[in-house]
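The values are calculated or read from the model by the stated rules, or taken from the named source; none is laboratory data. Keep in mind that what you see is a predicted model, and the values were worked out from it rather than measured. Virtual Cβ from ideal backbone geometry, glycine too; neighbours counted across all protein chains shown.
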Amino acid sequence: MTDLLKLYGTTFDSRLLIGTALYPSPAIMRESVEASGAQIITLSLRRQSPEQQQGKMLWDYIRESGCQLLPNTAGCKTPREVIALAEMSREIFLTDWLKLEVIGDDYNLQPDPYGLVEAARELVRRGFKVLPYCTDDLVVCRKLLDVGCEVLMPWGAPIGTGRGLLNRYNLQTLRERLPDTPLIIDAGIGAPSQAAEAMEMGYDAVLLNTAIARAQEPVNMARAFRLAVEAGRTAYSAGLMLKRQTASPSTPTLDMPFWQQADTATQE
Amino acid sequence: MTDKNSPRIAIAGGGLMGRLLAWRLAQRDCNITLFEARDFTTPSGACWAAAGMISPLSELVHSQREVYGLGVRSLELWPDWARQLETESGKAVEFRRAGSVLVAHGRDRSELEHIQRELAGKLNGDESAQVRPLDRGQLQQLEPALENFEQGLYLESEGDIDNRRLLPVLLNILRQQGVHLRERTPVECTPGCVEHGEGKLRFDCVIDCRGLGAKGQVEGLRGVRGEVLVVETREVQLQRPVRLLHPRYQLYAVPRSGGQTVIGATEIESEDMSPISVRSLMELSSALYSLHPAFAEARVVETRVNCRPATMDNLPHVHGEPRLVRVNGLYRHGYLLAPALVERVEKLVMQQCLQVA
């Protein structure tokens, strides 16, 4: 396969990243990871007393999946908390990959752009490979790149809402203005069609958790997302046709003058 | 009373499973020894920290169909068992079958709809399960304290039991039945044999229900931390367990006698047994406050922390081999699953005793 996802110098076949929380059981979680084909999985440890390694049982179980682990800093609200947790997770999981989350609003878990940039700067200095969960604001994204992030993960919608790509205009702008940066839609994806939509727009990958974990059949939903991401990516690579205002027959319509035919063809 | 031909059975673990099994098997003329690593008056396991809900439907939302099936069976058994226990002990265990109410605040209202859909899907047309939508008036009638809510759901069939009454009652009955009670005795279980600090003891059958104490003997067994808050007030009283739906938390408030309310429970993938965290305390207390503002003046009388024993599939496990039965992984469903599992284990044990004889 030649169409690989490249993040911080490592390549992956799969363009679907998934979270490991909220499943009916750890066993169903691991089956879902397998069915999704994901090679990168996120996990959180903020509330699990990482100092004492009391969640070790489950971490080992997650580790056995063989995926690249992407520890996150969910639940942190200040750069100081983030950095302490990041150092701890690097030690526990033996990886410098980090999904950076700095939460600015407790209710919809919206990222705090100021804290994000500050934390990212320090984490990059400390040698972390930072994948920041950010809003779809172009300027914030640029600042994150300026401080050394090589990958960006803008939201589609707030975490857990399943509302899909709420601001297509902003997301399209990001894609066009940052053509060489790997962009991953993180959060807000509720349906496979939305994941496909993000991939069709040229996003490099999609990260999600709730839509699979809370489905009535998580394993089947994981498979559905795998197929959708593959479909969206393949469609993007194949070049999507432009939308037309009216149906345009593939053979000329005899009773319509040719100049009018040309007119309809150029309308978008 | 037992004679010298009665089967000799050891039960390891004096929690809910251990006590119920000892009680039931002693009724069948078995000679029972119950071992507990700590002491019997304040059990160290999840059964003492729990809120005692018996709610197969509410739990079905985030669990698997198997748990629901066992829960429904337990709900059939509890009323009879509670009556028997009360008759035998002369004390109340406060088994209540008043259903449970689910509510959500305005901005989380879609959670009610989500749960209805989720249940409909998982129940697959099972008519016996009753989920009744409540409008403001109906909700007020059932739960006058919930005046801040516009709508809710009523799960009529559900129940709960006061575990802080039930466990001591069971202990007293075991004493009356002549069960040998060995506390502060940590043991290891092998077929037909219980090993403790001072040596080995032989039995016709050994039942291992030590919960997290059986770590290493049950594959993938882990602890899932839960934190619970208990408050007391005369100002506001719920009538039945109430669940507050939220996109990320599953919180409930269970009224107990004496003006107490038990609020729980967090669910954290950790085996940490240290005291409740500030964050969890805030989550639990703000959930309670949002049910009714008068709870703000309630007094915090207790916080409880424990770890639920769970296997990687979060389902209960009963494993039988000659002279040894292990039961574990009741997770967050102790009171919901125990009677149905006791029935299963009883059957296994009796078969084994017949073979041995």
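Within region A:134-248, which helices (runs of 4 or more DSSP H) (wholly inside it) include 3 or more residues that are within 16 Å of the chain's Cα centre (by Cα) and small (Gly, Ala, Ser)? Write out each step before concluding.
Numbers: elements: A:138-146, A:168-177, A:192-200, A:210-213, A:218-238.
Counting at least 3 such residues, we get A:192-200, A:218-238.
Run down A:Thr78, A:Thr11 and say which single residue is of a type outside the set (Asp, Glu), over 29 Å from A:Phe225 (Cα atoms) and more than 9 Å from chain B (Cβ to nearest Cβ).
A:Thr78
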Looking at region B:233-334, what strands (runs of 3 or more DSSP E) fall wholly within it and have at least 2 residues that are closer than 22 Å to B:Glu111 by Cβ and away from chain A (no Cβ under 12 Å)? B:242-245, B:250-256, B:260-264
Failed condition for B:Leu221, given (1) out of contact with any strand residue (DSSP E or B) (no Cβ under 9 Å at 6 or more places or on another chain); (2) within 23 Å of A:Glu51 (Cα to Cα), with all others met? (1)
How many residues does region B:259-271 contain that are surrounded by fewer than 21 Cβ atoms within 10 Å (Cβ to Cβ) and either polar (S, T, N, Q) or more than 20 Å from the chain's Cα centre (by Cα) (or both)? 2
Output the number of residues of region A:94-139 satisfying the condition of being of a type outside the set (D, E, K, R) and surrounded by fewer than 19 Cβ atoms within 10 Å (Cβ to Cβ). 12
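Restricting to region B:174-208, give me the number of residues that are acidic (Asp, Glu), closer than 29 Å to B:Gln84 by Cα and part of a loop (DSSP other than H, G, I, E, B).
Initially, region B:174-208 is screened for residues acidic (Asp, Glu), giving B:183, B:188, B:195, B:198, B:204, B:208.
Then keep just the ones that are closer than 29 Å to B:Gln84 by Cα; that gives B:183, B:204, B:208.
Restricting the remaining residues to those that are part of a loop (DSSP other than H, G, I, E, B) gives B:183, B:204.
Of the residues in that region, 2 qualify.
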Assess whether A:Gly115 counts as being outside any helix (DSSP H, G or I) and either modelled with pLDDT under 95 or among the polar types (S, T, N, Q) (or both). no
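For region B:31-58, give me the residue count where each residue is surrounded by fewer than 22 Cβ atoms within 10 Å (Cβ to Cβ) and either closer than 15 Å to B:Glu183 by Cβ or acidic (Asp, Glu) (or both).
To start, the set of residues in region B:31-58 that are surrounded by fewer than 22 Cβ atoms within 10 Å (Cβ to Cβ) comprises B:31, B:33, B:37-42, B:44, B:48.
Filter again for either closer than 15 Å to B:Glu183 by Cβ or acidic (Asp, Glu) (or both), leaving B:33, B:37-42, B:44, B:48.
Qualifying residue count for the region: 9.
Taking A:Gly156, is it surrounded by 16 or more Cβ atoms within 10 Å (Cβ to Cβ) and within 14 Å of chain B (Cβ to nearest Cβ)?
On the way: surrounded by 16 or more Cβ atoms within 10 Å (Cβ to Cβ): yes; within 14 Å of chain B (Cβ to nearest Cβ): no.
Taking the combined requirement at face value, the residue does not satisfy it.
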Is it fair to say B:Glu156 is in contact with a helix residue (DSSP H, G or I) (Cβ under 6 Å, 6 or more places away or on another chain), touching a residue at least 12 places away in the same chain (Cβ under 8 Å) and over 21 Å from B:Ala49 (Cβ atoms)? no
The one condition in (1) in the same structural domain as B:Val327 (by TED's automatic domain parsing); (2) crowded, with 18+ Cβ neighbours inside 10 Å; (3) not basic (Lys, Arg) that B:Gln177 fails to fulfil: (2)
Is one or more of the residues making up region B:102-118 β-branched (Val, Ile, Thr), within 30 Å of A:Ile212 (Cβ to Cβ) and within 21 Å of the chain's Cα centre (by Cα)? no
